[in-house]
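Peer 1: I am attaching a structure below and will ask some questions about it afterwards.
The values are calculated or read from the model by the stated rules, or taken from the named source; none is laboratory data. Please read these numbers as outputs of a predicted model, since none were measured by experiment. With ideal geometry, Cβ positions are generated from the backbone for all residues, glycine too; neighbour counts draw on all protein chains shown.
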Amino acid sequence: MKILVPYSGLGTNGTYGIYRWLTETDHEVVALFLDIYYSSDEYTAFEREHFVRGVEWLKKNTRDFEVVERVCKRKYPSFYEPIREGSPFNEETSSSDNMRDIITEVAEEFKVNTISSGKSGEDTIGSLHKSVSISRRDSKYNRIHPSWSLTEEVTLENRDQVIKEMSSKWSQREKLPQGLRNIITDCPCKGKRLGCYFCSDLLLNELRPETGQELDDLILEKLCAGKFRHLANPKTFNGMRERTWRYLGLLGFNYPDDLDKTEVLEQLSMKAQEMYSKAGNI
């Protein structure tokens with residue numbers, strides 16, 4: 001079997017997925033880096049740096065694989081749909097369609113039969129359209145989610161089961177070798193932006209006492225995602241915009257009560273800088 005793995009080098013889910021494919025199977029692997037239209041040139045360069053580092057680490061410590069880079073252009077106009085059925089809040093979903101098309105083109109070019117998806121538990125916070133990648137009956141490609149299985153496809157019939165059982169990035173980080181985990185423990189702001197989403201996300205593994213699996217459950221419940229999707233009130237739920245505040249709340253900064261307590265954010269900023277330094281990224 002030949003697997004196409006979208007891999008930025010910086011994201012936890014893609015890193016976890018490619019590591020599983022390379023260490024738990026003998027399938028041919030093609031790693032795909034996408035220069036995506038909605039990312040700035042600076043952020044794309046930051047991701048590419050980590051992609052190069054990740055590829056080097058993986059080839060040295062696991063086995064060889066193919067590497068390809070492509071540009072993901074905007075093909076479809078912006079399209080919005082409710083984050084939950086009956087919700088007054090919308091999210092943009094056409095970016096998924098734009099990426100799907102270029103990924104399918106590369107899959108055809110490299111003659112793969114399986115496309116790996118980085119979708120994980122935390123991605124199920126929004127609309128079902130973006131929560132998982134479904135294997136369609138008329139598609140030439142299987143859609144496999146390493147957050148759930150390396151052998152079973154996700155279909156409309158098992159989608160709800162998959163959403164409840166997928167792992168999330170906090171337990172995935174815990175399962176990565178330290179050298180590979182160090183590469184993804186980074187953020188462009190290097191801990192200097194107070195209340196940064198990416199820093200807060202990474203600090204949860206660093207500062208919370210729970211195991212990765214316990215963190216998955218704790219955070220997914222806060223996000224009304226995964227097996228806790230049913231907890232969301234569709235009339236009021238706006239979890240996509242509240243993720244940072246929920247992460248910061250688990251780190252000791254409670255919104256909106258602590259808005260005037262910048263010293264808490266400053267302490268978290270220092271902790272983030274220490275984390276990046278320990279990972280060798282400062």
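Peer 1: Evaluate the stretch 30-42: report whether one residue or more is over 24 Å from LYS175 (Cβ atoms), in contact (Cβ under 8 Å) with a residue 12 or more places away in the chain, small (Gly, Ala, Ser) and buried (at least 16 other Cβ atoms within 10 Å of the Cβ).
Peer 2: So in the stretch 30-42, the residues over 24 Å from LYS175 (Cβ atoms) come out as 34-42.
Restricting the remaining residues to those that are in contact (Cβ under 8 Å) with a residue 12 or more places away in the chain gives 34-38, 42.
From what is left, the residues that are small (Gly, Ala, Ser) are none.
So far as the stretch 30-42 goes, no, none of its residues is over 24 Å from LYS175 (Cβ atoms), in contact (Cβ under 8 Å) with a residue 12 or more places away in the chain, small (Gly, Ala, Ser) and buried (at least 16 other Cβ atoms within 10 Å of the Cβ).
Peer 1: OK, next. State the number of residues belonging to the stretch 232-265 that are surrounded by fewer than 16 Cβ atoms within 10 Å (Cβ to Cβ) and over 25 Å from PHE89 (Cα atoms).
Peer 2: Result for the stretch 232-265: 6.
Peer 1: Could you tell me whether ARG20 is surrounded by fewer than 23 Cβ atoms within 10 Å (Cβ to Cβ), in contact with a helix residue (DSSP H, G or I) (Cβ under 6 Å, 6 or more places away or on another chain) and touching a residue at least 60 places away in the same chain (Cβ under 8 Å)?
Peer 2: Details: surrounded by fewer than 23 Cβ atoms within 10 Å (Cβ to Cβ): yes; in contact with a helix residue (DSSP H, G or I) (Cβ under 6 Å, 6 or more places away or on another chain): no; touching a residue at least 60 places away in the same chain (Cβ under 8 Å): yes.
Spelling it out, it is not the case that ARG20 is surrounded by fewer than 23 Cβ atoms within 10 Å (Cβ to Cβ), in contact with a helix residue (DSSP H, G or I) (Cβ under 6 Å, 6 or more places away or on another chain) and touching a residue at least 60 places away in the same chain (Cβ under 8 Å).
Peer 1: Failed condition for ILE282, given (1) part of a helix (DSSP H, G or I); (2) touching a residue at least 60 places away in the same chain (Cβ under 8 Å), with all others met?
Peer 2: The number of the failed condition is (1).
Peer 1: Does ARG143 satisfy the criteria of being basic (Lys, Arg) and within 24 Å of ASP217 (Cα to Cα)? Write out each step before concluding.
Peer 2: On the way: basic (Lys, Arg): yes; within 24 Å of ASP217 (Cα to Cα): no.
For ARG143, the condition - basic (Lys, Arg) and within 24 Å of ASP217 (Cα to Cα) - is not met.
Peer 1: Of the conditions (1) of a type outside the set (A, V, I, L, M); (2) under 28 Å from ILE83 (Cα atoms); (3) at pLDDT below 95, ASP260 fails just one. Which one is it?
Peer 2: (2)
Peer 1: Scan THR185, THR124, THR104, THR151 and give me the residue that is farther than 19 Å from THR15 by Cβ and within 19 Å of the chain's Cα centre (by Cα).
Peer 2: Numbers: THR185 fails: farther than 19 Å from THR15 by Cβ; THR104 fails: within 19 Å of the chain's Cα centre (by Cα); THR151 fails: within 19 Å of the chain's Cα centre (by Cα).
The match here is THR124.
Peer 1: Determine the pairs where a residue that is within 30 Å of ASN238 (Cβ to Cβ), located within the stretch 90-113, has a partner that is of a type in the set (Asp, Glu) and not in a helix (DSSP H, G or I) with Cβ atoms under 6 Å apart, the partner being 6 or more residues away or on another chain.
Peer 2: Going by the 6 Å Cβ cut-off, the qualifying pairs are THR93/GLU81.
Peer 1: If you don't mind, another one. Can you give me the number of residues within the stretch 222-238 that are within 16 Å of the chain's Cα centre (by Cα) and assigned to a helix (DSSP H, G or I)?
Peer 2: Going through the stretch 222-238, the residues within 16 Å of the chain's Cα centre (by Cα) turn out to be 223, 225-226.
Add one more test, that the residue is assigned to a helix (DSSP H, G or I), and what stays is 223, 226.
Here the count works out to 2.
Let's see how each residue does on (1) in a loop (DSSP other than H, G, I, E, B); (2) in contact with a strand residue (DSSP E or B) (Cβ under 8 Å, 6 or more places away or on another chain); (3) surrounded by 15 or more Cβ atoms within 10 Å (Cβ to Cβ):
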{"residue": "ILE134", "(1), (2), (3)": "yes, yes, yes"}
{"residue": "LEU156", "(1), (2), (3)": "yes, no, no"}
{"residue": "VAL162", "(1), (2), (3)": "no, no, yes"}
{"residue": "ASP186", "(1), (2), (3)": "yes, no, yes"}
{"residue": "ARG193", "(1), (2), (3)": "yes, no, yes"}
{"residue": "PHE198", "(1), (2), (3)": "no, no, yes"}
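Peer 1: Looking at (1) farther than 18 Å from ALA279 by Cα; (2) modelled with pLDDT of 95 or more, find the lone condition where LEU194 falls short.
Peer 2: The number of the failed condition is (2).
Peer 1: Here's something else I'd like to know. Quick one: which residue in ASN142, ASN113 is in contact with a Ser or Thr (Cβ under 6 Å, 6 or more places away or on another chain) and either among the charged types (D, E, K, R) or modelled with pLDDT under 95 (or both)? Before you say what the answer is, go through the steps one by one.
Peer 2: Numbers: ASN113 fails: in contact with a Ser or Thr (Cβ under 6 Å, 6 or more places away or on another chain).
Only one candidate qualifies: ASN142.
Peer 1: I would also like to ask the following. For residues in the stretch 45-62 being surrounded by fewer than 18 Cβ atoms within 10 Å (Cβ to Cβ) and free of Cβ contacts under 8 Å to residues at least 40 places away in the same chain, which is farthest from VAL30 (Cα to Cα)?
Peer 2: Taking the candidates together, the pick is ALA45.
Let's see how each residue does on (1) over 21 Å from GLN178 (Cβ atoms); (2) out of contact with any strand residue (DSSP E or B) (no Cβ under 6 Å at 6 or more places or on another chain); (3) among the aromatic types (Phe, Trp, Tyr):
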site: ILE36; (1), (2), (3): yes, no, no
site: TYR43; (1), (2), (3): yes, yes, yes
site: GLU49; (1), (2), (3): no, yes, no
site: TRP57; (1), (2), (3): no, yes, yes
site: ASN61; (1), (2), (3): no, yes, no
site: GLU66; (1), (2), (3): yes, no, no
site: ARG74; (1), (2), (3): yes, yes, no
